[in-house]
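To start, the structure itself, in structure tokens.
The values are calculated or read from the model by the stated rules, or taken from the named source; none is laboratory data. Predicted model, so just to flag it, every value in this text is computed and none were measured. When we count neighbours, we look across all protein chains shown, and the Cβ atoms used for this are built from the backbone with ideal geometry, even at glycine. Only protein heavy atoms, including side chains, enter the accessible area calculation; ligands, DNA and RNA are left aside. Shrake-Rupley method; radii C 1.70, N 1.55, O 1.52, S 1.80 Å.
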Amino acid sequence: MRRARTWLPGLLLVTPSIILIGVFVYGLLGWNFQLAMTDKHSQVAEGEFVGLKNFVDIWDQPRWHLSVNHTIQFTIVFVLGALLLGWLLAFLMEKGIRGEGTFRAIYLFPMAISFVATGIVWRWLMNSGTGERAVGLNRLFGYLGLPEWQWFRDQDWGMAAMALPAIWQMSGYIMALFLAGFRGVPEELREAARVDGCTEWGVYRHVVLPLLRPVLLSALIILGHISLKVFDLIVAVSGKQIITDVPAVFMWVAVFDSHDPAKGATIAAYIVVSVAIFVIPYLIWSVRKERTS
């Protein structure tokens, strides 16, 4: 009874959460994978087990290849852009500028906005109208004598333009991560490097930046999993257009427009697996690091 008093209250406290997570997260994930392995390609079909057939057949569809390529383009531009801009803002803030608290609030403010609201605003900013019909950024470019763009309607650079709202929204959060990392580097290490003859850039290169690798990895994991399952931003900006199609949008079309549950579950399973490739190694690394520290 004495031993039970130490662990039983904690177990009773977390049991409802464990049950809810088990049912509504892992239970539904299992149901989705089970559905993806059936031939239930209409809402009235019974659905017989077909194994991995749907996972193989979907690679024969041109739209799937297009959505995967779009996701890769979006991920590269979004992740690199948010990392670079967030690091640059953190570097400038770390130097101790005036009004730091105000600038931090301004940079972090986009995080308080949903991707839907961001997409609605940026849909106007990235309007592809030109000349007298130009609005948003194209109107500004016209005043400045700069070339006007097609933005997300461009066949080659549409997904790169689609990443701009996401960079704007997430760069402030990445700035906060890097700023915390900068402030966590002991000043004694910097002074020791300066005494040894390092320039200011050498201090950052050989002392500060190596210590920011855990922060960089965390930021990379966060941005990577967001980009792989992006949906609301795409729909808010361009709708369900082929030119900006991604797997999450393709899944929505397959389930609710084409009424093909098995195909939608297959796409969802691929999204889950791709996110797991990012997240699971990071979780394993974090657990091992905590055990060794």
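Results, tabulated for the structure shown:
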| quantity | calculated |
| --- | --- |
| Flag for Met162 being open to solvent by less than 80 Å² (accessible area, probe 1.4 Å), in a helix (DSSP H, G or I), more than 19 Å from Glu94 (Cα to Cα) and in contact (Cβ under 8 Å) with a residue 24 or more places away in the chain | yes |
| Scan of region 174-202 for residues that are under 31 Å from the mean Cα position of the chain (by Cα), open to solvent by less than 50 Å² (accessible area, probe 1.4 Å) and of a type outside the set (Phe, Trp, Tyr), ordered by number | Ile174, Met175, Ala176, Leu177, Leu179, Gly181, Val185 |
| Positions within region 203-244 being farther than 29 Å from Arg288 by Cα, open to solvent by 30 Å² or more (accessible area, probe 1.4 Å) and among the aliphatic types (A, V, I, L, M), in sequence order | Val235, Ile242, Ile243 |
| When residues of region 149-159 are limited to those that are assigned to a helix (DSSP H, G or I) and open to solvent by less than 80 Å² (accessible area, probe 1.4 Å), the one nearest to Ser218 (Cα to Cα) | Met159 |
| Qualifying position, being among the aliphatic types (A, V, I, L, M) and closer than 19 Å to Trp64 by Cα, among Ala276, Ala269 | Ala269 |
| Residue pairs meeting the criteria (Cβ under 9 Å; at least 6 apart or on separate chains; first in contact (Cβ under 8 Å) with a residue 40 or more places away in the chain, in region 47-58; second assigned to a loop (DSSP other than H, G, I, E, B)) | Gly47/Asp39; Gly47/Lys40; Gly47/His41; Asn54/Met37; Asn54/Asp39; Asn54/His41; Phe55/Met37 |
| Hits in region 259-283 - residues which are free of Cβ contacts under 8 Å to residues at least 24 places away in the same chain and either closer than 20 Å to Gln34 by Cβ or crowded, with 20+ Cβ neighbours inside 10 Å (or both) | Gly264, Val273, Ala276 |
| Test result for Leu66, out of contact with any Ser or Thr (no Cβ under 6 Å at 6 or more places or on another chain) and open to solvent by less than 80 Å² (accessible area, probe 1.4 Å) | yes |
| So Gln43, is it among the polar types (S, T, N, Q), touching a residue at least 60 places away in the same chain (Cβ under 8 Å) and open to solvent by 80 Å² or more (accessible area, probe 1.4 Å) | yes |
| Filter result for Leu12 (open to solvent by 100 Å² or more (accessible area, probe 1.4 Å), of a type outside the set (S, T, N, Q) and without any contact (Cβ under 8 Å) to a residue 60 or more places away in the chain) | yes |
| Odd one out for Trp168, checked against (1) open to solvent by 30 Å² or more (accessible area, probe 1.4 Å); (2) more than 28 Å from Ala105 (Cα to Cα); (3) within 21 Å of the chain's Cα centre (by Cα) | (2) |
| Hits in region 126-141 (condition: touching a Gly at 6+ places or on another chain (Cβ under 8 Å), assigned to a helix (DSSP H, G or I) and either open to solvent by less than 40 Å² (accessible area, probe 1.4 Å) or of a type in the set (Phe, Trp, Tyr) (or both)) | Asn138 |
| Leading residue by the ranking (nearest to Ser218 (Cα to Cα)) among those in region 77-96 that are among the aromatic types (Phe, Trp, Tyr) and crowded, with 20+ Cβ neighbours inside 10 Å | Trp87 |
| Near pairs, Cβ below 7 angstrom, 6+ apart or cross-chain, from region 105-133 (under 18 Å from Gln241 (Cα atoms)) to any residue that is open to solvent by less than 70 Å² (accessible area, probe 1.4 Å) and part of a loop (DSSP other than H, G, I, E, B) | Trp124/Val135; Asn127/Val135; Gly129/Val135 |
